[in-house]
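First comes the structure, then the notes that go with it.
The values are calculated or read from the model by the stated rules, or taken from the named source; none is laboratory data. Quantities reported herein were computed from a predicted structural model and do not represent experimental measurements. Ideal geometry is used to build each Cβ from the backbone, glycine not excepted, and the neighbour counts take in all protein chains shown.
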Amino acid sequence: MQDQILSSVLEAQAAIKQLQSPESMAFIDGVSKLLAETFEEGNKVIIAGNGGSLCDSMHFAEELTGYFRNARRALPAIALSEPGHLTCVGNDVGFESVFSRGVEAYGQAGDLFIGLSTSGNSANIIRAVEMARSRGLNVVTFLGAGGKLKGAGDFELMIDGFASSDRVQEAHMSAIHIIIEMMEARLFSGQTQVHYV
């Protein structure tokens, strides 16, 4: 059992280590800047994912609307996770439309859509990206090996080489936290900060 645990720890470290690549570093820098610009211009962020990636979307949104590390104004972010909406659209027209319908409802030009899909092939995220593009939103994708969504984002993070989504999601969450940290440094660096834990 100890060998199996160590193997999993090393695999988790290998996923996180991909964030050190020049591509991942550029992604983190670019997305933190885009987030800061989105909020500075009075726009909002809409985030979507399935399963664990939906939970990551909700986590991402609450770090923005609530608090991350320091006291600062609330930032407008929506995770497309409301059960009534998801089950209504899923039942009436199909699960592949649950997120695109949310983007249609809330998205405006200048907003930012963030889609998380470890496979890169989630039909509902693909449709949401298409809807976001049609409405003039910027697009960021968090992916595994890429899949059909490869190349669809203005910025994309790919965590490749893992047989299961859990390792990919662990790297995604680390990237999300660092992006928020860098965004706060850009937007609020001159303000007095109060640390929250």
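Observations on the structure shown:
- Each residue in region 93-112 was checked for being surrounded by fewer than 18 Cβ atoms within 10 Å (Cβ to Cβ), of a type in the set (A, V, I, L, M, F, W, C) and touching a residue at least 60 places away in the same chain (Cβ under 8 Å), and 0 of them qualify.
- Taken together, 113, 68 contain a single residue that is among the aromatic types (Phe, Trp, Tyr) and touching a strand residue (DSSP E or B) at 6+ places or on another chain (Cβ under 6 Å), which is 113.
- Residues satisfying the stated conditions in region 17-31, i.e. of a type in the set (Asp, Glu) and either in contact with a His (Cβ under 9 Å, 6 or more places away or on another chain) or under 15 Å from residue 143 (Cα atoms) (or both): 23
- Residues in region 113-136 that are touching a residue at least 12 places away in the same chain (Cβ under 8 Å) and charged (D, E, K, R): 127, 130, 135.
- One residue stands out in region 79-114 among those that are in a helix (DSSP H, G or I) and of a type in the set (Ser, Thr, Tyr): the one that is nearest to residue 44 (Cα to Cα), namely 106.
- One residue from 72, 133 being out of contact with any helix residue (DSSP H, G or I) (no Cβ under 9 Å at 6 or more places or on another chain) and farther than 20 Å from residue 171 by Cβ: 133
- Close pairs from region 34-51: first closer than 17 Å to residue 135 by Cα, partner of a type in the set (Asp, Glu) and surrounded by fewer than 17 Cβ atoms within 10 Å (Cβ to Cβ), Cβ under 9 Å, at least 6 apart: 43/37
- Residue that is surrounded by the fewest Cβ atoms within 10 Å (Cβ to Cβ), among those in region 1-32 that are of a type in the set (S, T, N, Q) and touching a residue at least 40 places away in the same chain (Cβ under 8 Å): 24
- Number of residues in region 83-104 that are under 19 Å from the mean Cα position of the chain (by Cα) and closer than 26 Å to residue 155 by Cα: the value is 9.
- Looking across region 19-46, the residues that are touching a strand residue (DSSP E or B) at 6+ places or on another chain (Cβ under 8 Å) and not in a helix (DSSP H, G or I) come down to 43, 44, 45, 46.
- Residue pairs meeting the criteria (Cβ under 6 Å; at least 6 apart or on separate chains; first over 16 Å from residue 66 (Cα atoms) and of a type in the set (A, V, I, L, M), in region 181-194; second at pLDDT 95 or above and surrounded by 12 or more Cβ atoms within 10 Å (Cβ to Cβ)): 182/32
- Number of residues in region 123-155 that are in a helix (DSSP H, G or I), under 15 Å from the mean Cα position of the chain (by Cα) and on the phi > 0 side of the Ramachandran plot equals 0.
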